[in-house]
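The values are calculated or read from the model by the stated rules, or taken from the named source; none is laboratory data. Worth saying up front: this structure is predicted, and the values here are computed from it rather than measured. Backbone-built Cβ (ideal geometry, glycine too); neighbour counts: all protein chains shown.
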2 protein chains.
Amino acid sequence: MRHLPLTLLAASLMLATGIASAASITTIPAAAVKTAEQLRNKAMHDDTGYRVVASLTTEVGPRMAGSDADPRARAWAIAKFKALGYDKVYTEAVTYPLWVRRSEHGAIVAPFPQSLVLTALGYSAGTPKGGLTAQVVKFDSLAALKAADPASVKGRIVYIGYRMQRHKDGHDYGMGSAVRTAGPVIAASKGAAGYLLRSAGTDANERIAHTGVTGFTDPAKAIPAAALSNPDADQLERVLAYGKPVVVKLDLDCGIVGEYTGANVIGEITGKKYPDQVVAIGGHLDSWDPGTGAIDDGAGVAIAMAAGKLIHDLPQRPDRTIRVIAFANEEMGLWGGKAYAEKHAADVGNFQLGTESDFGSGPVWRMSASVKPEARDAIGQIAKVLAPIGVAYDAKLPGGGGSDLSQMHGKGMAALSLTQDGTDYFDWHHTSNDTLDKIDPQQLAQNIAVYAAFSYMAAQADGDFGSAPGAFAKDGAGE
Amino acid sequence: MRHLPLTLLAASLMLATGIASAASITTIPAAAVKTAEQLRNKAMHDDTGYRVVASLTTEVGPRMAGSDADPRARAWAIAKFKALGYDKVYTEAVTYPLWVRRSEHGAIVAPFPQSLVLTALGYSAGTPKGGLTAQVVKFDSLAALKAADPASVKGRIVYIGYRMQRHKDGHDYGMGSAVRTAGPVIAASKGAAGYLLRSAGTDANERIAHTGVTGFTDPAKAIPAAALSNPDADQLERVLAYGKPVVVKLDLDCGIVGEYTGANVIGEITGKKYPDQVVAIGGHLDSWDPGTGAIDDGAGVAIAMAAGKLIHDLPQRPDRTIRVIAFANEEMGLWGGKAYAEKHAADVGNFQLGTESDFGSGPVWRMSASVKPEARDAIGQIAKVLAPIGVAYDAKLPGGGGSDLSQMHGKGMAALSLTQDGTDYFDWHHTSNDTLDKIDPQQLAQNIAVYAAFSYMAAQADGDFGSAPGAFAKDGAGE
């Protein structure tokens, strides 16, 4: 066994520093490192991932959770896993409220009549038949709305004009999405008739609105809520600046119409030594309805599927199982991720390491990890393999596991964060513009190289990364 | 009179070369050149034009010819001319077929059902109630459609996938617009059930369709015709590439519903010496309906209005009248321009010089002219004033007069072409994205500087530029 000398070396070091016992140090065998480098290099010149996302976005297209396209998307995922040669393909049911969008229109009625480009938000209530017509009251921030006297809001359409800023790590989506999720709930609680926001998007000059979920959890308390495109928000603000009462009409035919049971679709490359121990990667299969879900999250599904396929094509199966999960209904509240974590919480110790790709197809530029201290060296070994393709290891940051798999991390799964360049991501996120042409095949391939290499190394590790019930509560997981 | 020495110099030159008699040489007096330079410099730092286009796009917004917004746009123009202090404001009726757009939807029905972003084209027929569902037949070019056997087209939806290329002078719109205007007519003549094109736009990655007029002149021969956004055209082509029959459903509620009488709105700064002789500038007041018509052609209206206003603000009125025309219904076939030329053809000799701005707000980088040879020196004087703000004079090219005023040029009006940088123009042209944020105030100001300076110099010229019935037929005008 080629890894023994390394383990012995580690043992000597540990004895010398007294940090931990030799037995608990996790390492990646040299042969596995070498294979991971080969996987990485092959992935950089492989188009499997691009063909997968082209297939999904062309053959299924938009696939909002619970829509007519939902079963077609699941059938596509099952067929694609099988076509790629996955050893085991199965589904796990996920049940959630069914929200539908039938039509959406908006217009300034007075003082300057003209239509508005907008899109209803997830869990928005529909307007009464004939539409909702009310005066607009503007707030510059969520904080201003929170502080507002309910009398100034009651019966009005609240508008918040927060302008989301462009950043490589996309961090301004924190505030952008808060205006979209918390804003409508606060407005409703103060008696507002409706809610509008400037789209949480960085495409300042595109007449395309960004949808996304609200924080409404009780349909009885929901009000009509929609996002304006950035130029329409500019226009509304210019009209408001005339100082006359501004009346807007919203005509949103949408709402919750019951419950729906979809499924997470799962494909596995079965481990030959520890088949029950899994490296969990994935993306989410659902998309919002206006686009074809290329960057959100066809890319993530393709990255994980193609990474697994590359490991499948090795001469022999990895020691542990590579589990690729195409999650159901991430968009309306991590329903697939939550159902998955609920079902597998007791089993969290078998999850070697995991993370999900859900930030488009920009290259991975940073890795961070939430693992036990004794697995830090192994993470360093992974980092060394990823460094030549532009990934910097930040040992100070925790790893979050991505969107749906954050829920398993919350249960105690050791997790990475593989941070992608999201400079352009919020130009297209949750819009009709989320289409295949936004994906750079070479950047997608870099992601696949990262996922294939790390997954394989984790699967071959001597030792684990610290997954255990509640293991990472100190990193903020599971709160 | 300060211009006499110049005239004498010109006379000597002419006598030497024998080209023309001294009496017929047109020149711009030195005082007028100096005033034009001052107008140019002032315009470069004046925001009147930007405020005009902001007012039009905010207070009226979309203003398709014959729509509810048409009378509001006219009322706006009349009020704005008056507010700017124009001496005379009036309208001249323009009658044209009234085409309306009520709604438009499209979808791939088979083999991969999904909706398409498209927009109906001007004079398109509506589809039958319940929509038109037919198989798609693709052609790579207009030439290929022309050559097609009608049997291959009959009952089908013809699709042409011409990709319009980006150029500073926008010349590829020649082919792009031909695919949109001639394509549907040819398809209809061969028995096609419907027509789709890849949008005539350079925004290769925007999910926004470009409308525009077709060549249908007889409603009885029109078929449903629409433009797909570029990413939707990509998608349709990917679906077609699977080699299975592709069925598309079009649901267009649009068509000609009668006749409408709108008007050209005209404002004048009255000439003090030759009030009946006019320098004609302008833009078109109508826009397509999805956008707010900022670049097409709020900019043109604003450039001309603001140029006139700068001349109005001089200590005294110019020698000749500055006539600013906000044309009706340019978009559906130069109706305003044709009506204007019809009405004023007999009077063409009184049109000193003219040109219209209708190519967005990119800076003017080239000037060319169709004038009599004896006015070439005066054009050279204008060129010298415009050179410091980036305008190069091309003495070899003719001047066309712009879109609507090309019709007066066709009757014999001496005309300039003031070519703007249109690198980005076809990203937004005829789309919902034609909004105020696309206008750079400084670039708009440069245009106003050009129009103010040339208009003033033409108004003050000693002599004319050769306008006469049929004068420029040799340049291709009036064909």
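The lone criterion from (1) in a helix (DSSP H, G or I); (2) farther than 25 Å from B:Ile325 by Cα; (3) among the hydrophobic types (A, V, I, L, M, F, W, C); (4) within 13 Å of another protein chain (Cβ to nearest Cβ) left unmet by B:Leu145 is number (4).
Just one of (1) surrounded by fewer than 18 Cβ atoms within 10 Å (Cβ to Cβ); (2) touching a residue at least 24 places away in the same chain (Cβ under 8 Å); (3) not basic (Lys, Arg) fails for B:Tyr123. It is (1). Scan region B:323-336 and tell me whether some residue there is over 17 Å from the mean Cα position of the chain (by Cα) and either in a loop (DSSP other than H, G, I, E, B) or crowded, with 19+ Cβ neighbours inside 10 Å (or both). Scanning region B:323-336 turns up at least one residue that is over 17 Å from the mean Cα position of the chain (by Cα) and either in a loop (DSSP other than H, G, I, E, B) or crowded, with 19+ Cβ neighbours inside 10 Å (or both). Does A:Ser199 fit the bill of being modelled with pLDDT of 95 or more and within 12 Å of chain B (Cβ to nearest Cβ)? Here the answer is no, as A:Ser199 does not meet what is asked. When B:Ala449, B:Ala471 are checked against the criterion of being more than 18 Å from the chain's Cα centre (by Cα) and closer than 22 Å to B:Asp313 by Cα, B:Ala449 stands alone in meeting it. Looking only at region A:347-364, decide whether some residue is without any contact (Cβ under 8 Å) to a residue 60 or more places away in the chain and not hydroxyl-bearing (Ser, Thr, Tyr). Checking region A:347-364: at least one residue is without any contact (Cβ under 8 Å) to a residue 60 or more places away in the chain and not hydroxyl-bearing (Ser, Thr, Tyr). Taking region B:162-196, which residues are closer than 20 Å to A:Lys438 by Cα and more than 14 Å from chain A (Cβ to nearest Cβ)? Correct list: B:Met164, B:Gln165, B:Arg166.
Of the residues making up region A:75-87, just one is more than 14 Å from chain B (Cβ to nearest Cβ), surrounded by fewer than 22 Cβ atoms within 10 Å (Cβ to Cβ) and under 23 Å from A:Met332 (Cβ atoms), namely A:Ile78. Scanning region B:132-147 for residues that are buried (at least 17 other Cβ atoms within 10 Å of the Cβ) and not hydroxyl-bearing (Ser, Thr, Tyr) yields a count of 8. Take the residues of region A:33-57 that are more than 18 Å from A:Ala449 (Cα to Cα) and buried (at least 21 other Cβ atoms within 10 Å of the Cβ): which is farthest from the other protein chains (Cβ to nearest Cβ)? If we take residues in region A:33-57 being more than 18 Å from A:Ala449 (Cα to Cα) and buried (at least 21 other Cβ atoms within 10 Å of the Cβ), then A:Leu56 is farthest from the other protein chains (Cβ to nearest Cβ). Counting the residues of region A:342-363 that are under 17 Å from A:Lys438 (Cβ atoms) and of a type outside the set (Phe, Trp, Tyr) gives 6. Could you give me the residue pairs with C-beta distances under 7 Å whose first residue belongs to region B:228-252 and is under 22 Å from B:Gly122 (Cα atoms) and within 13 Å of chain A (Cβ to nearest Cβ), whose second residue is crowded, with 21+ Cβ neighbours inside 10 Å and among the acidic types (Asp, Glu) wherever it lies, and which are 6+ apart or on separate chains? Every condition considered, the pairs that remain are B:Ser229/B:Glu206; B:Asn230/B:Asp203; B:Asn230/B:Glu206. For the residues A:Arg101, A:Arg63, A:Arg72, the requirement of being surrounded by 14 or more Cβ atoms within 10 Å (Cβ to Cβ), within 14 Å of chain B (Cβ to nearest Cβ), basic (Lys, Arg) and in a strand (DSSP E or B) singles out A:Arg101.
Conditions (1) over 23 Å from B:Gln407 (Cα atoms); (2) not hydroxyl-bearing (Ser, Thr, Tyr), marked per residue:
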position: B:Leu236; (1), (2): yes, yes
position: B:Ala241; (1), (2): yes, yes
position: B:Tyr260; (1), (2): no, no
position: B:Asn264; (1), (2): no, yes
position: B:Ile269; (1), (2): no, yes
position: B:Ile281; (1), (2): no, yes
position: B:Gly293; (1), (2): no, yes
position: B:Gly308; (1), (2): no, yes
position: B:Val324; (1), (2): no, yes
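Any residue in region B:254-268 that is closer than 30 Å to B:Tyr86 by Cα and among the acidic types (Asp, Glu)? Yes, the conditions are met somewhere in region B:254-268.
Cβ-Cβ contacts under 8 Å between residues 6 or more apart (or on different chains), taken from a first residue in region A:106-119 that is within 8 Å of chain B (Cβ to nearest Cβ) to a second residue that is among the acidic types (Asp, Glu) and surrounded by 23 or more Cβ atoms within 10 Å (Cβ to Cβ), are listed as A:Val117/A:Asp232.
Which of the residues that make up region A:148-201 are of a type in the set (S, T, N, Q) and surrounded by 24 or more Cβ atoms within 10 Å (Cβ to Cβ)? Hit for region A:148-201 is A:Ser199, nothing else.
Evaluating B:Ala306 against the criteria (1) out of contact with any Gly (no Cβ under 6 Å at 6 or more places or on another chain); (2) within 30 Å of A:Asn205 (Cα to Cα); (3) part of a helix (DSSP H, G or I) leaves one unmet condition, (1). Does A:Tyr90 satisfy being more than 12 Å from chain B (Cβ to nearest Cβ), of a type in the set (Phe, Trp, Tyr) and outside any loop (DSSP other than H, G, I, E, B)? The answer is yes for A:Tyr90. Annotation: B:Ala54 fulfils all but one of (1) assigned to a helix (DSSP H, G or I); (2) touching a Cys at 6+ places or on another chain (Cβ under 9 Å); the unmet one is (2). When A:Leu121 is tested against the conditions (1) out of contact with any Lys or Arg (no Cβ under 7 Å at 6 or more places or on another chain); (2) under 22 Å from A:Pro231 (Cβ atoms); (3) of a type outside the set (Val, Ile, Thr), the lone failure is (1).
Scanning region A:93-109 for residues that are touching a Phe, Trp or Tyr at 6+ places or on another chain (Cβ under 9 Å) and not aromatic (Phe, Trp, Tyr) gives A:Val94, A:Thr95, A:Pro97, A:Leu98.
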